[in-house]
Every structure is written in structure tokens, then in C-alpha cells.
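Asks: Questions regarding the structure given below will be posed in turn.
The values are calculated or read from the model by the stated rules, or taken from the named source; none is laboratory data. Keep in mind the model is a prediction, meaning the values are calculated, not measured. Every residue, glycine as well, gets a Cβ built from its backbone with ideal geometry; the counts of neighbours run over all protein chains shown.
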Amino acid sequence: MPKAAFAQRLPAGAGVGNVAGMEANIGQRLVAGARVKVIQQIGARAYSWSSEIRGTVVSFEQRPTGSWFAHSRDDHLWLDRLTIRNDDGEITTLNLDEFSVVQVEAEPAATASPTLP
């Protein structure tokens, strides 16, 4: 299946980082406490396999891999990594790519500033 045909199956206006077809400011909205839904797809020859996960953002960052073939900054491949806490308390780290769709369902609740006695 051509990559372009596979990408057309994703909802428009969703995604992460600087990947084409993704919401430009989503990385700024992925802050600790935000509630998100992530759909990831893996393309096979004649079908695609999807998984959906919901949770609360713990962190969002770019982290290097130990990839020897990357030939990028510091000879590492830099990946967008989203760590979320599921409703049952499980911590999950997702590597986001052009087939990942991230939707912010709820912004983090505003925290009250501490007051001095």
C-alpha cells in the first residue's frame, strides 16, 4: 500500500510535531494534565491495524534513539515521545509518527497558586 494512500485514512487536522498533515500547535497543547486520545496505525500490505488509547499526559518530549543509521543530530534518530497515564494508573510511552493521531479532549485543569499563611 503506498504511504500516501495509507495517510489519507487518518482524520484531517490531527497529529503531532512537524509532521505533514498534523495540527501545527499540538505539541504546545500536550502539557502535563491534559486529557488525550491517541490513535496509532500500522500499515500492512492489504489492511491497516489501529489501536486507540486514552489517558492523561505525563510528558511530551523529543528523545533520541540509539539508531546507528540515523545520521542526524548526534547520530541519533529523534522521536516524539508522549507519556500518558491510563485511567487504571498504567503508564504508557508512545512513539508518535506520521500515522499517529492525537486529539486533546480536555485541557489541564488550572491549579490554584499556593497562598502563604
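Asks: If you scan region 14-70, which residues turn out to be modelled with pLDDT of 85 or more, under 13 Å from LEU96 (Cβ atoms) and assigned to a loop (DSSP other than H, G, I, E, B)?
Replies: Within region 14-70, just LEU30 meets the criteria.
Asks: I would also like to ask the following. Restricting to region 84-93, name every residue that is surrounded by 13 or more Cβ atoms within 10 Å (Cβ to Cβ) and over 12 Å from LYS37 (Cα atoms).
Replies: Scanning region 84-93 gives a single hit, THR92.
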